1. With the chain treated as a Gaussian network of Cα nodes joined by springs under 10 Å, which of LEU53, LEU129, LEU38 yields the largest mean-square fluctuation?
2. Which of the peptides 67-79, 105-117 is most tightly packed, and how do the rest follow, going by the mean number of other Cβ atoms within 10 Å of each residue?
3. About the Cα centre of region 107-166, what is the dipole size in debye to 20, counting +1 per Lys and Arg Cβ and -1 per Asp and Glu Cβ, all else neutral?
4. For a Förster distance of 41 Å, can you work out the FRET efficiency between the beta-carbons of ASN125 and ASP24, rounded to the nearest 0.05?
5. Of the accessible area of region 31-126, with the probe set at 1.4 angstrom, what percent is carbon plus sulfur?
6. In nm, to one decimal, how far is the modelled label at ARG136 from the one at SER104, with both set 7 Å along Cα→Cβ?
7. Can you compute the radius of gyration and Dmax for the chain, using only the Cα atoms, both in Å?
8. Roughly how many nanometres apart are two label points built 7 Å out from the Cα toward the Cβ at ALA72 and SER45?
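The values are calculated or read from the model by the stated rules, or taken from the named source; none is laboratory data. Note that this is a predicted model, so its numbers are computed, not measured. When we count neighbours, we look across all protein chains shown, and the Cβ atoms used for this are built from the backbone with ideal geometry, even at glycine. Quick note on the areas: whole protein, heavy atoms, side chains included, nothing else; ligands and nucleic acids left out. Shrake-Rupley method; radii C 1.70, N 1.55, O 1.52, S 1.80 Å.
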Amino acid sequence: IDGLEAEAMGGHRWFFPTCYQGSDLAPDLDDVARARGLSTAEVVSLHTSVEHLVYVIGFLPGLPYLGDLPAALELPRRTSPRIKVPAGSVAIATNQTCIYPLESPGGWHIIGRTAVPLFDPRRQNPVLLAPGDTVRFVPVGRDVYDDMRAASEEGVFDVDTLRANP
């Protein structure tokens, strides 16, 4: 359209510790690996190899739709959605990743979980991410995840430590 100019969005860079271990935290990781002809380690490596751009926040307060996935991880949504997806679940479908901020129904493939509180009504800005931000997922072990989850539940999780310095 004449007279309109594109404006670059500058957002924050975030690093989200994410556990890709265990059937309770990553229930679809094995299925995703099989469907794409990869090992689970390759799925994790591909997922953590890129910075995921926050396109939009929607569906639930604080739920980011992130893209783009490496082409080797692209697959359709699950044929049978779950009634309950735990908060913090990191899931993929089509060419995107999302992180469920609250327990909710969902039809994406859950490949991991993070303890980062994406929505916290106690914060000045309850929604952590914004369009234009980027997220890099960093694999961590179950012990680190459990410690971070405890801190999140106690309300002492310092999200600012996950943001890259400008």
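1. Result for the chain, Cα springs under 10 Å: LEU38 fluctuates most.
2. Values: 67-79: 14.2, 105-117: 22.6.
Per-residue mean Cβ counts within 10 Å order the peptides as 105-117, 67-79.
3. 220 debye
4. Working: r = 31 Å, r/R0 = 0.75.
That pair, ASN125 with ASP24, gives E of 0.85.
5. Numbers: 2430 of 4360 Å².
Here it works out to 56 percent.
6. 2.8 nm
7. Gyration radius and largest Cα-Cα distance of the chain: 15.8, 55 Å.
8. 0.7 nm
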